[in-house]
Each structure stands twice: as structure tokens, then as C-alpha cells.
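FYI, it's all coordinate maths here, none of it is from the lab. Since the model is a prediction, treat every value here as computed from it, not as a measurement. Every residue, glycine as well, gets a Cβ built from its backbone with ideal geometry; the counts of neighbours run over all protein chains shown.
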Amino acid sequence: MMRTDTRFDAKRKKVDYKKTQFATATFKEQDYPYRLSFYDVPPTQEISLEEFETWAIDRLRILAEIEACSFRNKSPQETAAHLEPLLKKYLPLSSNSAAAGGIIDQRLRNERRKDHYSHFILRLAFSGTEDLRRRFSRVETMLFKLRFQADDSRERRAFVESLNLHWELVQEEEKRELGEQLLSATPGLRRLEDENWFKVEWTRVPELVEHRTVFVRKGKAYVPMREQTSMVLTEFANRLEKGLELTARALPRLDEDDRLTPILNHLSKNFATPDAGYSESDSALAGAPISAANIDNLSQHFPLCMKHLHSTLRKNNHLKHYGRLQYTLFLKGIGLTLEDCLLFWRQSFKLITDDQFNKEYRYNVRHAYGDVGGDVNRRGRGYAPYSCQKILTEHPPGSGEAHGCPYRHFSVDNLTSMLQATGVHDREVLRGVKEDVEKKRFHIACNRVFDWAHKAEIKKVKDEGTWGPAELETIVHPNTYFKRSYLLRNLGNLPKQDVKMEE
Amino acid sequence: MPHAVSTSPERESSAGPEDDFLPDAPAVDTKEKDEDSNTEEPADTQPKPEARTAAADGSTKLEDLFDDDEDDEFSSSAQSKPQDSSQPKPQEASKAQYSEPDTLRQFYSRLFPFRPLFQWLNHSPTPQPDFQNREFAFVLPGGAYIRYQSFASADLFRKQCIQMTPERFEIGPQYSINPRDRKTLRKASSFRPVMKELVFDIDMTDYDPIRTCCSGAKMCHKCWQFIIMAIKVVDAALRDDFGFQHILWVYSGRRGAHAWISDKRAREMDDAKRKSIAGYLELLRGSDNGKKGLGIRRPLHPHIDRSLKILNPYFQNEVLADQDPWESAEQAEKLIQLLPDKTLTAALQKKWDSAPDRTSNQKWADIDAVAEGGNLSTLSAKQLVEVKQDIRLEYTYPRLDAEVSKKLNHLLKSPFVVHPGTGRVCVPIDVRRLEEFDPFAVPTVTQLLQEIDDWDQKTGALSEEERNKVQDWQKTGLKPYVEYFRGYVASLLKEEGKGKRGRDEDGGVEGMEF
């Protein structure tokens, strides 16, 4: 069983262990046979308060970077490349083969110790709320995945074996019986003899099942050995989540003396979500004419996703649910009041009666603004407008739906037509967009279009030095696109102080 | 507010033993009831003039709540005099009529199978958190939507339905605490869903792009076949691949079907796993502006392969012959667009331009004929086979509303409620006799009420005793559906009972005989 209280009593007088409840416990020096770890056993030795804080902060730096990379839709290779120097500096973790003669020397042991302790310290800091637990577990799994994939294959195999995960290997007879189905379900496999399968509960590999990359029968998934990574990761994530829950429950009963709590609080607050960083003040434009009547005019400043929603709305006098939701939240973000928003939708849905509107649509707009709804957490504020990340990854549009990100969800031909329809004629830009989309860098494509459309204004603010680099960073949120576009186009109109934006 | 009335009084009265151990066997009940119920009858079952005005009044009187304490679930209408029990409304039912409070009240008090529904959701004869902490959402005539209703027993549930006469109600998850208490918690996040059946929703409107006989709200026997196809494919996957056994398919009342999976493993699944299964079953993901073509991976995953085999005969008969989706030149355009070989499509276009009356069947055969004549440029023969498979899947593969399945806390319409638009009862579909199910033969609520009266009139010759033995639903076309449901629930409870043995002192099988 995991003990969550670690005794870091470096500055206190040595406590007489015989007098404590766990008198017979002796703290063994931890043995780290592999660089990877599932963090099953909590650390038990003493470290100084300074080590406590520094190690945690170093790890936190890494985790924050990983989260930022994921948020900016960087590919796994890009993330690994980006993280490499940082890991070397803050959280190095060499493999056994890196040491002389493959023997685990003191340097390796120190690296692993720091990794081990910092993980557990951050567990304490991030088990408090469900949101923190979820984010911590997600980003730790990403770090584990990075390390796992970079690992030497022999060591990796040895590590996985040491985990004793008890995965049942499919026997020859069953393999032959199910041969054809196993083959068809395993993409890229030619011959049955080339692979072996594990038979596990399908719930252990939900992602593989979702994408139909494994054969499933009677609730068991037949996982080819090459998919081991996925299973190991799922296992890691599951164990971590369980551990965090236990920690959360034990937190109130910690035998603490006010030295650790401030450090832990400080750590969890520093873990700012790129997403949560978007607050309402970020997009507010003082003095700008944001009203229901003006939306058609303002739509020139919209990013492509919102332009598409707006034009679909105008064309059909209707939008389906997710389109309405995405658009309403965006309008809220640009500063449209609830009243005006209701007016806007009522006028846009011109083919239905007042009664129908009130019955079927009114409530949902109010819900999005937080005006109604039983959730006390969002009372008065409603949901946050969707970031590009969210629009790209959640709920792709189906037939008859206009939400999502055109750079992602449109075919290249349709995307090009749409861009041309909205005034983007420059061949260079269109070609660049095509390339970006192929590389799956959708927000880069959007930024490319933005930069081209506001070329003159951007040049102006750069030459005049009125806007700093922070204000011209990559756009990752539709409301940022709108705000920046509006400000750039109205440089002369607004008073000086409004030009200064926070991202 | 209606639910404010029903909180504490309801809970107190739930302590009564009669609620928990109400036997289902008709003989015992009605006898008990007859002895002490002469005064109670008017309150809920008799369509006598006095009662009708009191009921039509609509206001809830506390006394009415407690009057039914000793009621059994299905009061027999044996006491009614034939003249009084004539149908108050004419047979030609209008849409609004199906939501008439009076009609619904009769329905809930005489026909709705509350006890089996309760056991189905409760997984045991005696109330437990599975049911007591379960959310129900009521949709009242007039459109009001009331959430977070919960009940301590089947009887209390029934009482509230009779009192509020919801147009329909929806079933949600079991929460960590009683939903009615959700605001009393210090930490708002402690109130969360913990268990719900896995559900699937097949709606005909998703098929509008491929059906030619109807569109929108309309449906006919021809397009109902799409639902049958979908049920077959999904049912096979759920049973063979995932090993689920307790799958209840329910007619949605107008143009679709729902599936409710009550296996314990399914109920305990979190959102991620539900999303997984939804993704496993999903195939047709195209959006209007996205890439053309399904992009299905080859070799076909065993599930897709099996589905194709199940659907092939339907494609031949129901799609090509009955739906005839490519009959006109304009419609044939769609088929042309699905074939990524310019030479082939040019040759086909030419052929069809010169002979415009070719049926879809013939056009489909033409593809191979023309291809064999050497008209393939970019596709190989093997690839053409695959393209044709893709087209077959496009026109037959199930189209599910994935959002319904993905979240634990999703609310879905309950079985056996009345569909307000058609008046039909949302009855379970016997999967063993799937093809025989006729959605247009499903009884409407007005029909059922009429059938009760007819039965009473016809059986005047039988003795009082014998008439009292028969419950109202047994007199109507609802009988086979209720019996099917009861059988389904019985086998579910038997399985649950096996798991609970040893933990439960009573063994969990007390009181309920089927």
C-alpha cells in the first residue's frame, strides 16, 4: 500500500523512530534498475527542503512545456525535439547502456532519484482537485510516452517484463483458429507467423478498440505485441489516476507542519493552463460597436471557422446544435451581451415563429451565457469560448453541420474555394495553406491567412514599434483572431491604451 | 412547483412495507384491493364524471397522494359500469389528443408497466440506489422540462406520473447521491453520475441522404428496413464482439429505435469507454465539406466484414429494388460521384444518357459490365470491388447518433412511454423476430384504452373473480410487449442475483415470482 506521508525532516532534530508507530520500518536505499518507472512505490528517504522545492520546480518546468507543446498541436517528433535540451538540463534520465559497462553508477542513481521524488512531490501538489489530477495524469503520461519511445529496445523489453502485467498470450491453437480475423484486424500484417497476440479485457485498450485496430471477441481484445506501447501507456495512466485519487483522499490527514504546504500551493498555482489563461478581459474591446445589428459587418474580422458559421447561418437561416454552440460562445467572447445575442439569433432564424424560437433555442443561448443552469461553478459566466485546440480535437462536423475548423475538416479543394470566396486570392498564400494543412498544422494555416490579410497594418505597427512581439504571437484562439483583426483595422480610431493587449 | 410537493411526503410514505413487497400476481392484489378500495376507486381509475372533473382540475391535492397507498399497480377496471367507461373522445385521434392529461392519466394508472421498469433499472426486487438515486426527467404537456426527479420506489414513481401526466419521461444515470439532494452538498463536484446502461440511438433522419421513399418525420415500411439493418449489425457487434447479453431494443415511437444494454460491465463503463464503443461502431463520418469517399481501411476489420455480409442481401432487395436510389438522371449523378475512375464514369454516363430509364439494379450491374469492357483507367479490378463495397456500406451501414452513447449522464426516452406525435407506445422489439416487427401495428394509447373497454364489454359473461384476475394491460395489444419485457427483466435479475448471492442476507430473490 502506498504511504503518502514522506518525512522530510532534514532541519529538525532526528526523531527517535523507535518511539513512533512504525518503529520497525527501516528506510532502504531505493534501487533503480531501469530508467523508466511506473512510480508504484513512494520514496522514503530524507531530502532537504531545498531539494524538495528545486526538484519539483524542475519537473514542473518540463511538464508545463509538454502541455504547451500539446496545446499548440505539435507533432510527437517536434515535441521530443523541443524537449530534448530541456530534459537534459532539468530532468536528465540516462539509460543503463549509457553508463560505463552498463552498471548503474551513482550518477544514474541520482538522476532516477530526482525523477522519482519530483514525481511524488508533484502528486501531492496536484491531487487536490479533479481538474489538476486530470491534467497532471495527462501530461505525466505524455512524458512517460516520450521516454518510453526513446528508450533502448532491449532495456524497454526488460522494463515491461519487470512490470508483471500478466497479459495472457494467445496460444497457437487459438491463433490458428482465429487466424484470418486476426490478420485482417491488424493493419499492415502480412503473415500470421510474424506476430503474436495478447488477449486482454477490451477495456484495457479503449483507443485501439475505438479505431478498430484490434480484433475483439466476447469482450476480449486481441492485441498484437507491437501495440504494447499503447497498453503500457494505458496501464501507466490508470495506475497514476488511482494513485492520485488515494493521495487526494489522504491529503487532509497529512502530518504537516506548514513547511510543505506553501511550496505545494505555489507549485499548483504555477501550472497555468494555456486554456484557462484565456479570460474574459482578454478579448474585451472597449468602445467597439459590438451589437446584433453589426455582426454582418464585424464578420470581416472573423477567423475562417466563424466566417463559415456566419455565412451558413445567413444562407440557411439555421444552424445545427454544435454550430450554434461554437458560434454563440464566440459571440459572447467578442463582447456581445446576452440580450443582443438572443436578438441576433432570433433575427437570424427568420423562418420560425417566436414561439418556436423561445421553446427550442432561447434556453440554450442563455445556458451558454451562464444565465441559467444548475451548475454553480459557471453561474453567471457560462462556458468559455472554444479555443482552436478544442475546435480541432472535439466533435468533428458531420453531414449538415458547419462547425469545426475548415482547415482541418474541409477537403483541400473545398478549403481553397472557401478561401477564395472570402477574398484570399494570393497564390502563394493558398499554396502555403495547402502545405500547412498537409503537415496538419491547421492553426499555422489560419495564422498565415491572417498575416496576409493584415499585411499592411502589421507592417505599420512593427515599424512604428507600437506593438511588441507578445502582441503578435501565434493565434490559437478564434477570439484572439477577432480582437487583433479589429484592432489592426481600427488603429487610428481607438484611444492609445486600448492598443495594448494581453494575450 | 410539482416536485416541491412530492419531496418529503413521498419519502415518508415510502417507509411503508406495502411499497417494497407489492406482489405482482394479480389474484392476490385485486382481492385485497376490492375489500378496502371502494372509496378509493374514484380517485384514480374510474372515469366517472365526478372523478373526471377532479382529475381534469389539474391541481394536486395532498390527500390524493396518500389515497393510493394500498393500490396495486394495475387496477382492474372490473368495477366500472359499461356505460361510464365508454371512450370519452372520438376514434379519429388528433395529435394533441395523445398528450391529453386524461388519456395519459388512464395510461399511467392502467397500462404502464411500472413494476418491471423499476426492476429493470433497479437490478433487484428491493429498491436500492440503482433506482433511488436515478435521475428521471419529465416532459409535461405544454413543454415544461423537469429534471432531477428521483423516487424511492416504483409506487411513488407511478404516483407522480399519474399526478403530473408527463407527455413522456426520460431516464438518466444513477448519481452518487439522490438527485433531489444535489444542492445540499458542500462540494458541488461530489454530485456526479456513477452508473447508467449503455445506450444507442438510431434515428431515421440520419438516413435522409439515402432514402427515397420518405424524408423528415415521415416513415414507411420501406425505410423502416434501414432500422432493421442497423439493429442487426449493432446487435451482432454488441453480442459477439463485446460479449454483452442483456440488450433491450425499443421502438422509439415514430421512426427509430433505441438500445439499452444492462450488463453490469456495460453499466459501469465511464465516458471514455462509451466513446470507444461508439467509435468502434461508427463508420460513416463524412461531413459535407470533408473528403469524399469513406476511406475504409483494407483488409476489412472483422466487424466491418461481418456487417457487410449481413447487409448484402438488404442492399440487393431493400436498397436497389425498393429504394431505387439512382433512378433519375439527377440521382445517378450521386453514384457517378462515388466512382473515382474517370474513364469508367464517362462510359457509364454515356450509357445512361442514351437509356435513361435504367433502374438502380440495372445501373449497379452496369458498373461491372462496363468495367469489364476495359473501361478502367485509374482503378484496378480489385479496387473497383472495394469501391463497390464502400458504396454498399454507405447505403446500408448503421447511422448512429454517437453523442447519445458517449456520455454517462445522457438522458434518453424511457421504454413504454407514449410518443406524443404518433400516440404509439414505445414498445420493446423482440430481436428474435426482428423482421416481423411492424412499427405501424404498434398500438396507440387511444387504441389501448378502447381495447380495455371492449374487453370489459365482451366478457360480461365471466365471473367477477375471473375478471379481476386479468390486469388491464392483458386485455390489450400491449400484452405481448409487456410479457416480453417482463421476461427480459427476469433474466436480468437472475443474473444480478447470482452476483449478489452471499452479500445479500435475503439472497435478493425474495418476493418476485415470474
Using R₀ = 22 Å, calculate the FRET efficiency as 1/(1 + (r/R₀)^6) where r is the Cβ-Cβ separation of A:Lys218 and A:Arg191; round to 0.05. 0.30
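Checking the a/c ratio against 1.5 first, then a/b against b/c, what shape does the Cα gyration tensor give for chain A?
Prolate shape, in that a/c is at least 1.5 and a/b is the bigger ratio.
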Taking the convex hull of the alpha-carbon atoms of segment A:134-261 and averaging its shadow over every direction gives an area in square nanometres of 10.6
Roughly how many whole Å is it from the C-alpha centroid of segment A:427-472 to that of segment B:256-277? 45
Burial ordering of A:Ile458, B:Ile231, fewest other beta-carbon atoms within 10 Å first: A:Ile458, B:Ile231
In Å³ and rounded to a whole number, note down the convex hull volume per residue for the Cα atoms of segment B:97-217. 154
Hey, could you pull the Cα Rg and Dmax for segment A:114-182, both in Å? 18.1, 51
Distance between Cα centroids, segment A:166-206 to segment B:136-181: provide it in whole Å. 47
Would you mind ranking A:His119, B:His246 by Cβ crowding within 10 Å, fewest neighbours first? B:His246, A:His119
Burial ordering of B:Ser252, B:Ser215, B:Ser153, fewest other beta-carbon atoms within 10 Å first: B:Ser215, B:Ser252, B:Ser153
With labels modelled as points extended 7 Å from the Cα through the Cβ direction, what inter-label distance (nm, one decimal) is found for B:Asp271 paired with A:Glu174? 3.3
Which whole-Hz couplings ³J(HN,Hα) result when phi for each residue of segment A:51-59 is put into the Karplus expression 6.51 cos²θ - 1.76 cosθ + 1.60, θ = phi - 60°, listed in order with x for Gly and Pro? 4, 3, 6, 4, 4, 5, 5, 4, 5
Rough spin-label spacing in nm, given labels placed 7 Å along Cα→Cβ, for B:Ala346 and B:Thr459: 7.5
5 angstrom amide H check on B:Tyr148, placed H, neighbours 5+ away: B:Phe136
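First check a/c for segment A:39-169, with a ≥ b ≥ c the square roots of the eigenvalues of its C-alpha gyration tensor; if it is under 1.5, answer rounded, and if not, answer prolate when a/b is larger than b/c or oblate otherwise.
It is rounded, given that a/c, with a ≥ b ≥ c, falls under 1.5.
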Note down the nm distance, to one decimal, between modelled labels 7 Å out along Cα→Cβ at B:Thr126 and at A:Arg362. 4.9
For the pairs A:Lys440/B:Lys264; A:Lys220/B:Lys494; A:Lys145/A:Lys462; B:Lys222/B:Lys273; A:Lys483/B:Lys334, flag any whose C-alpha to C-alpha distance is greater than 32 Å. A:Lys440/B:Lys264; A:Lys145/A:Lys462; B:Lys222/B:Lys273; A:Lys483/B:Lys334
Expected vector for segment B:109-116, Karplus 3J(HN,Hα) from phi with 6.51, -1.76, 1.60 and θ = phi - 60°, integer Hz, x for Gly and Pro, equals 7, 10, 10, 5, x, 5, 4, x
Among the trypsin sites (Lys or Arg not before Pro) in segment A:286-371, which ones are in a DSSP loop with at most 12 other Cβ atoms within 10 Å of the Cβ? Mind listing them? A:Lys350
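Loop-only check: which trypsin sites (Lys or Arg not before Pro) in segment A:378-467 are DSSP coil with at most 15 other Cβ within 10 angstrom?
Within segment A:378-467, the qualifying trypsin sites (Lys or Arg not before Pro) (loop, at most 15 other Cβ atoms within 10 Å) are A:Arg379, A:Arg381, A:Lys439, A:Lys440.
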Full-extension gain between B:Gln474 and B:Cys214, please, as 0.36 nm times their residue separation minus the C-alpha to C-alpha distance. 90.1 nm
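Using 0.36 nm times the number of residues separating A:Leu86 and A:Ser311, minus their current alpha carbon distance, what extension gain do you get? Don't jump to the answer; show the numbers that get you there.
On the way: separation 225, 0.36 × 225 = 81.00 nm, distance 4.52 nm.
Gain in length upon complete extension: 76.5 nm.
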In whole percent, what relative contact order does chain A give with Cα contacts below 8 Å and a gap of six or more residues? 12
